[in-house]
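A.B. asks: Input: one structure, supplied below.
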Amino acid sequence: MYTPLLRMDSLENKKEPTKFGLHLRNKHRQSYDFELLVKNHPPLKPFISINKYGNESISFFDNQAVLALNKALLITYYGIKEWDIPKGYLCPPIPGRADYIHQVADLLAQSNNGKVPTGKNIHCLDIGVGANCIYPIIGNSEYHWSFVGADINETAIKNSNSILKANPNLNRFVSCRFQKDSSKIFAGIIENQEYFDLTICNPPFHASEKEALGGTTRKLRNLKGKQDVKPQLNFGGQAPELWTDGGERKFVIRMIKQSKAFKKKCFWFTTLVSKEANLKAIYSVLKQVNATDVTTIPMTHGNKKSRVVAWTFLTESERQNWVRKYWR
Ligand SMILES: C[S@@+](CC[C@H](N)C(=O)[O-])C[C@H]1O[C@@H](n2cnc3c(N)ncnc32)[C@H](O)[C@@H]1O
């Protein structure tokens with residue numbers, strides 16, 4: 001899966017298509033088992049109806065229904081007791097978030113004789129943990145990894161901390177840190193003696209609040225199949241979570257440039273890149289900073305295509321030493 005920098009033109013890896021395009025270990029490859037979900041979270045029941053294909057489903061443009069589904073999924077599959085988000089904050093589609101975790105688990109496995117390294121000694125840094133704390137929840141539940149979640153949004157950090165407090169099993173392995181300087185990604189978060197096996201990030205992708213509203217409208221339109229939908233910021237994320245000056249491209253480029261200062265402190269840096277058009281500029285910066293290895297992992301969920309871009313500054317032999325030192 002490693003792709004050397006020289007082969008930038010073919011960085012999109014080819015993969016076998018799977019059902020719904022999800023990773024083989026993703027727990028959401030089959031249709032939702034609503035009977036089980038309702039058993040574990042009865043408040044989901046009133047939101048279930050029969051869709052036009054004759055199957056049980058919920059309305060995905062009803063915030064309360066999506067929230068109830070997420071709670072049921074987290075309780076059923078990820079050992080969560082209580083989970084909530086402040087009104088208007090990003091309610092994450094869980095199957096897609098789980099896919100990122102499984103894909104980067106495979107990336108680590110490549111340095112570990114094909115076996116995913118598990119346990120609290122695997123340290124992950126989630127840049128932009130949000131109010132939902134979703135990646136630490138899934139990563140800890142699936143692989144028992146420990147996490148630091150960082151965010152520039154105080155409400156997000158406060159809420160993620162409430163989730164941790166309400167879930168003592170998770171609280172032991174996850175901590176959240178407020179990033180005081182929004183221009184910084186790793187500085188002010190990674191402490192002197194710390195190292196991370198993995199950094200992950202779902203970056204804010206829109207360049208402006210207006211663009212974020214447009215994206216929300218498009219999402220609603222796709223779901224409703226209609227033109228007459230009004231933009232609502234409270235569907236699928238609050239404006240500050242979804243946009244950043246310069247959008248995804250500028251954010252990821254900033255992250256890559258700043259990662260160089262932490263090049264021996266992180267095994268793999270990774271980020272989601274939702275816009276394919278941003279890849280060229282991203283690869284060019286990865287070349288400028290002299291990343292040793294770069295790989296792009298395609299992800300498909302339904303008709304949505306995305307990808308994880310991963311880079312490291314460690315050589316093969318440094319990686320082997322790292323594994324011996326920290327994972328064994
Ligand atoms: C798209 S949201 C992702 C939230 C969550 N991880 C998810 O996947 O649902 C992006 C998050 O990045 C945060 N963010 C923006 N700039 C940041 C920075 N410099 N450092 C850390 N987090 C940042 C935003 O506040 C927001 O919570």
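The values are calculated or read from the model by the stated rules, or taken from the named source; none is laboratory data. No experiment lies behind these values; they were computed from the predicted model shown. Methodologically, a virtual Cβ is constructed for each residue, glycine included, from the backbone with ideal geometry; neighbour enumeration extends over all protein chains shown.
A.B. asks: Collect the residues in region 257-272 that are crowded, with 21+ Cβ neighbours inside 10 Å and either out of contact with any Cys (no Cβ under 8 Å at 6 or more places or on another chain) or part of a helix (DSSP H, G or I) (or both), keeping them in residue-number order.
C.D. replies: Matches in region 257-272: 259, 266, 267, 268, 269.
A.B. asks: Which numbered condition in (1) under 20 Å from residue 266 (Cβ atoms); (2) without any contact (Cβ under 8 Å) to a residue 40 or more places away in the chain; (3) more than 12 Å from the ligand (Cβ to nearest atom) is the only one that residue 111 fails?
C.D. replies: Status for residue 111: all satisfied but (2).
A.B. asks: Look at region 38-58 and say how many of its residues are in contact (Cβ under 8 Å) with a residue 12 or more places away in the chain, part of a loop (DSSP other than H, G, I, E, B) and surrounded by fewer than 16 Cβ atoms within 10 Å (Cβ to Cβ).
C.D. replies: Result for region 38-58: 1.
A.B. asks: Sticking with this one: Which residues, taken from region 241-255, are hydrophobic (A, V, I, L, M, F, W, C) and more than 10 Å from the ligand (Cβ to nearest atom)? Outline the logic, then answer.
C.D. replies: Start the filter on region 241-255 by keeping residues that are hydrophobic (A, V, I, L, M, F, W, C), which leaves 242-243, 251-253, 255.
Matches in region 241-255: 252, 253.
A.B. asks: If you don't mind, another one. Let me spell it out: the conditions are (1) closer than 19 Å to residue 90 by Cβ; (2) touching a residue at least 40 places away in the same chain (Cβ under 8 Å), and residue 161 meets all of them except one. Which number is the exception?
C.D. replies: If we test residue 161 against (1) closer than 19 Å to residue 90 by Cβ; (2) touching a residue at least 40 places away in the same chain (Cβ under 8 Å), just (2) comes out false.
A.B. asks: Which of the residues spanning region 59-87 are touching a Ser or Thr at 6+ places or on another chain (Cβ under 7 Å) and either more than 18 Å from residue 39 (Cα to Cα) or buried (at least 16 other Cβ atoms within 10 Å of the Cβ) (or both)?
C.D. replies: 65, 78, 86
A.B. asks: Quick check on residue 274: is it of a type in the set (S, T, N, Q) and closer than 18 Å to residue 203 by Cβ? First the steps, then the outcome.
C.D. replies: On the way: of a type in the set (S, T, N, Q): yes; closer than 18 Å to residue 203 by Cβ: yes.
So residue 274 fits the description; yes.
A.B. asks: Which of (1) modelled with pLDDT of 95 or more; (2) surrounded by fewer than 20 Cβ atoms within 10 Å (Cβ to Cβ); (3) in a strand (DSSP E or B) does residue 294 not meet, given it meets every other one?
C.D. replies: Residue 294 satisfies all of (1) modelled with pLDDT of 95 or more; (2) surrounded by fewer than 20 Cβ atoms within 10 Å (Cβ to Cβ); (3) in a strand (DSSP E or B) except (2).
A.B. asks: So, one more: Could you tell me whether region 76-95 includes any residue that is closer than 22 Å to residue 179 by Cα, part of a strand (DSSP E or B) and either among the basic types (Lys, Arg) or in contact with an Asp or Glu (Cβ under 6 Å, 6 or more places away or on another chain) (or both)?
C.D. replies: no
A.B. asks: Still on this model: Which of (1) at pLDDT 95 or above; (2) in a loop (DSSP other than H, G, I, E, B); (3) small (Gly, Ala, Ser); (4) within 14 Å of the ligand (Cβ to nearest atom) is the odd one out, the single condition residue 98 does not satisfy?
C.D. replies: Looking at each condition in turn, residue 98 falls short on (2).
A.B. asks: Let me ask something additional. For the subset of region 183-195 comprising residues that are within 14 Å of the ligand (Cβ to nearest atom) and touching a residue at least 24 places away in the same chain (Cβ under 8 Å), which member is farthest from residue 126 (Cα to Cα)? Give the derivation first.
C.D. replies: Taking region 183-195 as the starting set, the residues that turn out to be within 14 Å of the ligand (Cβ to nearest atom) are 183-190.
The next check asks that each one be touching a residue at least 24 places away in the same chain (Cβ under 8 Å); those that pass are 183-187, 189-190.
Working: 183: 16, 184: 14, 185: 10, 186: 10, 187: 14, 189: 11, 190: 11 Å.
Within region 183-195, the match that is farthest from residue 126 (Cα to Cα) is 183.
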